[in-house]
Structure formats: C-alpha cells, structure tokens
Amino acid sequence: MQAISILKSKKLSPEQLFMLSVLVVNGGNYFYNLILGRLLGPELFADAAVLITFLLVLSFVAMTFQLVTAKFSVVFDNEIFRSFISKVYKNASLVGFGLGASIVVFASQLQQIFNTTSSSMFTIFGIGVPLYFIMSVNRGVFQGNKEFKSLSMTYQAEMLSRLIITLGLIFLFKIQSSVVIALGILFSFGFGLIPFKFKNISFNSTLVMDSVKSKQVKSFFIITAFYELTQIIINNSDILLVKHYFDSYEAGLYASLALIGRIVYFIAWMFVMLLLPTVVQLKKEGKSTAPILFKYVGYISVIASLIIFGCALFPELAIRLLFGDSYLAMAPLLWKYALATGLFAISNIFAYYYLSLGRYIPVIISGVFGMLQMGLVIFFHSSLEEVVHMQIIAMVLLLIIQVIFFIVDTGSNNKAIRAKC
C-alpha cells in the first residue's frame, strides 16, 4: 500500500496505474498457479489446470460482452447508453445462466472427457458462471469510460480473493482437492463485482435504439464473439487436448510449460485493454490510429524477445524456481512454447486493432489459423514436443498473414487518400 501511495504522489497517469495494477494481478495469478503446481505435483495439478483452463475459456467468452460494452460506452451517450447497457446486462445474464446450467448438467460427462478425479468441481464452477458475465459487463463500462482505478480494483479483488480463499482452505484443512480450487474460483467471482455500478442496471428501460445503432451493436458483438472463440481455441485447446490424449503426469508437466510460456501473452493483455478504447476514441476524433498500433507492437515484440531468450538460456533454472524439480522434463520445450505464445501475442495486437476500427478480416484470419492449430494438434500428437511444434507452425503463418494484410491495407488506404487529393 505504501508503494502505491508513493507511485500516486509521482503523478502517474491513470493508464500507467492500470498497467501497474495489471502486472500485480497477473503476478498474483501466477503465484496462485505456481504454488498449486508445487503443492499438488504433476498428477493433481493436471486437474487444477483443467479448472484454470475453464476459467480462461470463460474469461474469453465473457470478454465479448466486456469489449462490446467498452466500445459503445465511448460511442453512445446519455439515454442511448442507458438503454444499451440495460440490454447488455439482460443478455449477459441470460447467456451466463444458460452456460452455467449446461456445465452443471453435464458435469459427469466433462469428468469423463478430461479424465478428472471429480465431477463436483465442474458443478461448483458452473454455479459461478452467471456472476462472471455480470462482472464482465461492469468491467466493460469502466474500460470504455477509462475509469482505470475502478477497473483495477475489480481485477485485484477477484485475484486476491481467489488466492487467499484457495490457499487458506488448502493450508487450514489440509485438503488437496480440485473441489477446493473450484470453491476458490466461485467465491472470487463474487468479490470481482467490487466495485459495482448499480445505477447502470435498469431492466425497465423504455428507450429503444434506432435500427442503425442496433445493427452496429449486433455486428460488433457477432464478430467479437467469433474472435473470442478463436482466442479460446488458440489459447486453451492445447491444454485440453493434451489432457485428453496424454496421461495425468504428462498433462501436468505440459500445464506447467504452458503457464511459464504464456507470460508474454498475459503481459500483452494489458496493452490490449488500453488499445481498444484509445483506438475508438482516436477514430471518433478523426485522428490517425496507426501510431498506437506501432507503439504496442513494438512493446510486445521487445517483451516477447526477452522472455524467449530467457527461456532458451535458463530453462532449467526457470522451471526449478517456479515449479520445482518434478517438472524439469519440460525444460527443452520451454523456449519453443514461449516462441509460439510470443508470435500469437503480436498477431493478437493486429487483430484487436482492426476489431476496434470495425474491420473484421484479421479476425477471420485468426479464426482460420486457430482452427488450423487445433487440427494440427489433433492429427499430430505423438509427443508433447510435436504438440508444441504444431503450434509454432500455425502461429508463424498467422503472424505473416496479419502483417501482409496490414501492409496491403495501408497501401490501399494511402492510394485512396492520394486519389481524393
């Protein structure tokens, strides 16, 4: 707390404070995963990894509502915004209840598919799903209005409560079970609602948006939902497929590899959170948006390169420090997985940039290569190394195509501007 006070006294911008907060949240989530890996060992950690992956999948699905809310919080004003946000809360609640109920009903089938020791963990997780969707809409309002202090608080509350509750149950009651992890996740959804803007909820709004605005919202929602689906496939299908095709020990080893290698993606995420409202605002003001893209691509490229080189030079040290000797078998694959994740993180910046501008071809491109990655892993999974190689192939091709699209698109726009002059 003292450190935060000092930083505030040095007049950091709200964006800088949010980025600092994201680093703290990601650090807390990493600590949560790392200590679970150390406490549970590879076999039990494989079950925990399934739940954590379900949580990431849920975050991507709910992110559709968050991004839609964030974008149109900038675009719409006053009564139109209140009508819009009421409708979003209604739809998010319905989707949340439907998805949560499906997880509860099919908990036994999910246990069989992913070879877990319990079905109860899926039941508990499903109960909390509606809360997560409501929480995401609330976050979208904060993100769109650039209320980064409140946005930071909701992420911190979710992370800290999950960390404290889960570890508290494990250490106090000496229970090493996936049910305990599910309970920690469930309660963290409730804490993630803090702070909550109750004034934005009005299920009795009578104002109806005109057809043009309604079409804008629907189009953006559909393409964002499609893109978040590609995020789910690219980010999480590998862990779930490995859990299905390999035994629990190897799946646990792979989960540790994925957690370390994804550091670059989680860092890139904070730039994405800042990118969307900034690009939408610049477009609204008629200003150039490309410099923001170059800025964030540069940041992520440097960060990704440092992490990849670090993983290549000190793989055993990284795994020993983070997970312990039980996971050292994954050391040779660490830099390769980090490479695949780094390539995806850079590609992701291009896709979110065009998504912010209402341009959807890069989103479709991501979807195609997300399916390609999953297909490659399904057909080529004789070893964990082959699984990683398939991801590298898919992500190299994705980044090349995204860069080519940007160059061609920029050239076309420049020609159009010159023609008008």
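The values are calculated or read from the model by the stated rules, or taken from the named source; none is laboratory data. Small disclaimer: the values here were computed from a predicted structure and weren't measured. Cβ placement follows ideal geometry from the backbone for every residue including glycine, while neighbour counts extend to all protein chains displayed.
Couple of notes before you dig in:
- Residues of the range 173-218 classified as assigned by TED's automatic domain parsing to the domain that holds Val104, of a type in the set (A, V, I, L, M, F, W, C), at pLDDT 75 or above and closer than 24 Å to Leu151 by Cβ, total: 8
- Only residues that are assigned to a loop (DSSP other than H, G, I, E, B) and within 18 Å of Leu58 (Cβ to Cβ) were counted in the range 111-130, giving 3.
- Criterion violated by Arg162 - all others in (1) within 21 Å of Gly28 (Cβ to Cβ); (2) of a type in the set (D, E, K, R); (3) modelled with pLDDT under 85 satisfied: (3)
- Test: residue in the range 270-292 that is aromatic (Phe, Trp, Tyr), out of contact with any Ser or Thr (no Cβ under 8 Å at 6 or more places or on another chain), part of a helix (DSSP H, G or I) and farther than 20 Å from Leu67 by Cα: no
- Residue selection: Gly370 fails the criterion of being in a loop (DSSP other than H, G, I, E, B) and either modelled with pLDDT under 85 or surrounded by 23 or more Cβ atoms within 10 Å (Cβ to Cβ) (or both).
- Of all residues in the range 123-149 being within 14 Å of Gly192 (Cα to Cα) and small (Gly, Ala, Ser), the one that is surrounded by the fewest Cβ atoms within 10 Å (Cβ to Cβ): Gly128
- Exclusive hit being free of Cβ contacts under 8 Å to residues at least 40 places away in the same chain and touching a Pro at 6+ places or on another chain (Cβ under 6 Å), set Ala331, Ala312: Ala331
- Of the residues making up the range 80-111, those that are over 30 Å from Ser214 (Cα atoms) and of a type in the set (Gly, Ala, Ser) number 2.
- The range 105-122, residues that are surrounded by 15 or more Cβ atoms within 10 Å (Cβ to Cβ), modelled with pLDDT of 90 or more and more than 21 Å from Leu241 (Cβ to Cβ): none
- Boolean, Thr289 is over 22 Å from Asn236 (Cα atoms) and in contact (Cβ under 8 Å) with a residue 60 or more places away in the chain: yes
- Cross-chain or 6+ apart pairs with Cβ under 8 Å, the range 115-138 first and under 18 Å from Phe45 (Cα atoms), then of a type in the set (S, T, N, Q) and modelled with pLDDT of 90 or more: Ser119/Ser108
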